[in-house]
Amino acid sequence: MRVATWNINSLKARLDRVLAWLETARPDVVCLQELKCATADVPADAFRDAGYEIAAWGSGRWNGVAIASRVGIADVRQGIASQPDFAGAIEARALTATCGPVRVQSLYVPNGRDTADPHFPYKLAFLQALAADAAADAAGPVPFAAMGDYNICPTDDDVWDVDEWPGTTHITTDERDALAAVQAAGLVDVHPRALKYDQPFTFWDYRNLDFPKNRGLRIDLALANPAFADAVTDAYVDRNERKGKGASDHAPLVIDLDL
DNA sequence: ATGCCCTATCGTATAGGA
């Protein structure tokens, strides 16, 4: 089977491209992030016409996660255990469901904004909660992957050039330690191959010709338990989806499984 | 060609993204 994760940066603005991609890539399950629309506004009919059921948790302008599947969706769960709030709100950043033989989690980890911003400790707290939340699924017999936009480059090789990276977040030791703690729960980073160039980046900023210049980041990850990881036959980043008019700034991460 | 930022919002600018 084929499982994917993709930060689509608005479901409404991206709907045609998402549906077209489902038709060509034919994933059995796709985790989507940054819906930027309310749950009630998710076009479930359009997905149904394409052969997919969709479970979504959206809250309007920001965030929002979904899972679309053509092998069924069961046991849907919103959020993670002890999920921290931001400014008093529990944000739509995690959705977990069982789709056929796999259990997947669609994740949108907080950006962090700046190491001096309150969003940064929020990001670390979210990851800490995630590590605890994932432990049971990580140790279980069912193939499980927590996949999505982690907003962390696991290593310097996951940045086109750390010295040119303009942000203060995504590359810090604190963030990488927090990511390592999630992996320590029993999950491994399914490292994809790139369709072009050496590094399998998943994000390129819209500005400054970053995509043509391949100034990218690998921040969309699939952290898999042993049952999931052992079944992986291929993994790649579909950078072709970053091309052209109306593209998201992220490309899909696609994983093929012998399941 | 990969091509010079994008999205949603009570908007005619602003916040957020990474």
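Where a number appears in this text, it was derived from the coordinates with a stated rule and is not lab data. Just so you know, these numbers come straight off a predicted model, no measurement behind them. Positions of Cβ are generated from backbone atoms using ideal geometry, with glycine treated the same way; all protein chains shown enter the neighbour counts.
Considering only Cα-Cα distances, which of the following residue pairs are longer than 23 Å: A:36/A:245; A:123/A:243; A:123/A:196; A:123/A:213; A:12/A:243; A:12/A:123?
Flagged as over cut-off: A:123/A:243; A:123/A:196; A:123/A:213; A:12/A:123.
Counting DSSP beta bridges in chain A, what percent are antiparallel, to the nearest 5?
75 percent
Taking θ = phi - 60°, what integer Hz values does the Karplus form 6.51 cos²θ - 1.76 cosθ + 1.60 yield along the stretch A:149-159, in sequence order, with x for Gly and Pro?
Calculated HN-Hα couplings, in order: 8, 7, 6, 9, 8, x, 9, 5, 5, 9, 10 Hz.
Just to check I understand the Karplus step: with θ = phi - 60° and J = 6.51 cos²θ - 1.76 cosθ + 1.60, what whole-Hz values come out for the stretch A:244-259, glycine and proline as x?
x, 6, x, 7, 5, 7, 10, 10, x, 9, 10, 10, 9, 10, 8, 9
Mind listing the phi-derived Karplus ³J(HN,Hα) values for the stretch A:195-206, rounded to whole Hz, using 6.51, -1.76 and 1.60 with θ = phi - 60°, and x for any glycine or proline?
7, 8, 6, 8, 9, x, 5, 10, 9, 9, 4, 5
On average over all directions, what projected area in square nanometres does chain A have, based on the convex hull of its Cα atoms?
The orientation-averaged projected area of the Cα hull of chain A comes to 12.5 nm².
Report the normalised scattering of the stretch A:1-140 as log10 I(q)/I(0) at q = 0.20 Å⁻¹, calculated by the Debye formula with identical scatterers on the alpha carbons.
-1.20
Please list, in chain and number order, the residues 5+ apart from residue A:90 or on another chain whose amide H is under 5 Å from its amide H, with Hs placed from the backbone.
none
Can you put A:1, A:147 in order, fewest other beta carbons within 10 Å first?
A:1, A:147
Tell me, how many Å apart are the Cα centres for the stretch A:196-240 and for the stretch A:167-188?
17 Å
Starting with the fewest neighbours, write out A:10, A:69, A:106, A:248 ranked by other beta-carbon atoms found within 10 Å of each beta-carbon.
Going from least to most buried by this count: A:10, A:248, A:69, A:106.
From Cα pairs below 8 angstrom and at least 6 apart in sequence, can you work out the relative contact order of the stretch A:2-257, rounded to a whole percent?
Computed value for the stretch A:2-257: 19 percent relative contact order.
Using only the Cα atoms of the stretch A:1-74, what are the Rg and Dmax in Å?
Expressed in Å, the Cα Rg and Dmax of the stretch A:1-74 come to 11.0, 33.
Got a sec? How would A:96, A:115, A:169 order by Cβ neighbour count within 10 Å, fewest to most?
In order of increasing Cβ crowding within 10 Å: A:115, A:169, A:96.
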